[in-house]
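Here is the structure we will look at.
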Amino acid sequence: MDRRLKRVFVIVLDSMGMGAMADAARFGDEGADTLGHISQTVEHFYIPNLASLGLANLKSLKQVQPQEHPLGYYAALNEKSNGKDTMTGHWEMMGIETKKPFITFTEHGFPPELIAELEKRCGRKIIGNRAESGTKILEELGEQEIREGKLIVYTSADSVLQICGNEETMGLETLYHYCEIARELTMRDEWRVGRVIARPYVGKKKGEFVRTSNRRDYALKPTRPTALNALQEAGYDVLAVGKIHDIFDGYGITKSLHSTSSVHGMDQTIALAQSDFCGLCFTNLVDFDALWGHRRNPIGYGEEIERFDKKLGELMPLLKKEDLLMITADHGNDPTYKGTDHTREQVPLLLYSPSDQGSGPLPTQDTFAVIGATIADNFGVQMPANTIGTSLLPLL
């Protein structure tokens, strides 16, 4: 492969793991298999484009035959970091090994000390304070928040603190201010969540509440510079689609596009493929995780993969000889598994360039960081100090 490709597209199918890692039992995830269990559950699984890249060669799927001559290379990746969340997975892709996992408050909600401090600083009593679906807790407590001037605070299986606020009665700027206070408080080690999220909504009563697109994420900055910073500092484009800007808190990104859905994120990626840039397009497609994995819906998850595959069929013909496509995931979220949490799984890596002379399996890798290292190697930039990962370019 030409070692100086002009454009690299990394697309993260958020949570599409492909089988429990060797240490999955330590995370309570023995036997999890997001992709395998979806294939076993759904009746139809039509993914010709993913199949053409070797997905069924990498992972046995009930409905999909392996390709005799796949178009690209493929490998299984293990996660080196101590975690199974979105930020840990994406940060590792770009070179950061997270040894101390982000804290989650799924089982008991946030500690009384944090709640008391947040109430004092915001001047409002907090209601909720448990792990819950955002739409469900809003339906249950929205009227009380408006009527009594309370504050809905909740979490999820991720390391997040989320605050709901009515745009008309509380106001967006007030909600954002409360989230800034929460972010400041949760910088303390014992409360250190990955993200604080503002969740604005409109409506006056139950049945009418609708969350708006004015969500705002207050993320932690990566603990050190990543491959994104190395590319940016060398003058390359670093284009972020979907949640990527939030995950890296804008660190190392030159342009960001907000997506309203995974299909929209693919449309944005397709539009960028038709534009002229030199560097990285880094796309996160969150619906797999948010809409189907956490909600334990394998049918919906399978249909989302099919929708992605259709869009992939639109993207692939737009790729030029100097382009490289890398499709991967950041963790698992087996929709047939117990609970609602992410699952500790290997993830797929599919690599394709129209300039490829070869194809086929690559050895299983011990870190997601091969992705960032490969990109840095291609553009001839040095990975930042204290990052991990080895380039796969010599194998291609």
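The values are calculated or read from the model by the stated rules, or taken from the named source; none is laboratory data. Every value quoted in this text rests on a predicted model; they were computed, and no experiment measured them. We place every Cβ from the backbone using ideal geometry, glycine too, and count neighbours over all the protein chains shown. Protein only, heavy atoms only, side chains kept; ligands, DNA and RNA dropped before computing areas. Shrake-Rupley method; radii C 1.70, N 1.55, O 1.52, S 1.80 Å.
Need at least 2 residues that are farther than 28 Å from HIS331 by Cα and in contact with a Pro (Cβ under 8 Å, 6 or more places away or on another chain) per element, so show me which strands (runs of 3 or more DSSP E) inside the stretch 99-192 make the cut, counting only ones lying wholly within it. Steps first, please.
On the way: elements: 126-131, 151-155, 160-166.
Here the list reads 160-166.
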Among the residues of the stretch 142-165, is any surrounded by fewer than 17 Cβ atoms within 10 Å (Cβ to Cβ) and either under 25 Å from PRO101 (Cβ atoms) or among the aromatic types (Phe, Trp, Tyr) (or both)? no
Can you find a residue in the stretch 29-40 that is within 29 Å of SER275 (Cβ to Cβ) and either within 18 Å of the chain's Cα centre (by Cα) or not in a strand (DSSP E or B) (or both)? no
Of (1) open to solvent by less than 10 Å² (accessible area, probe 1.4 Å); (2) at pLDDT 95 or above; (3) not aliphatic (A, V, I, L, M), SER275 satisfies every one except (1)
Criterion: within 17 Å of LEU280 (Cα to Cα) and in contact with a Ser or Thr (Cβ under 6 Å, 6 or more places away or on another chain) - qualifying residue of LEU350, LEU392, LEU318: LEU392
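Working carefully through the options THR367, THR374, find the one that is closer than 30 Å to ALA271 by Cβ, crowded, with 20+ Cβ neighbours inside 10 Å and modelled with pLDDT of 95 or more.
Numbers: THR367 fails: closer than 30 Å to ALA271 by Cβ.
The match here is THR374.
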Within the stretch 167-224, can you find the residues that are open to solvent by 60 Å² or more (accessible area, probe 1.4 Å), within 20 Å of PRO112 (Cα to Cα) and of a type in the set (A, V, I, L, M)? MET187
In the stretch 34-68, how many are open to solvent by 10 Å² or more (accessible area, probe 1.4 Å) and in contact with a strand residue (DSSP E or B) (Cβ under 9 Å, 6 or more places away or on another chain)? 4
Can you go through SER133, SER81 and tell me which one is among the polar types (S, T, N, Q) and in contact with a helix residue (DSSP H, G or I) (Cβ under 6 Å, 6 or more places away or on another chain)? SER81
Those residues that are open to solvent by less than 60 Å² (accessible area, probe 1.4 Å), farther than 22 Å from ASP289 by Cα and assigned to a loop (DSSP other than H, G, I, E, B), I need them from the stretch 230-258; list them, please. ALA234, TYR236, GLY252, ILE253
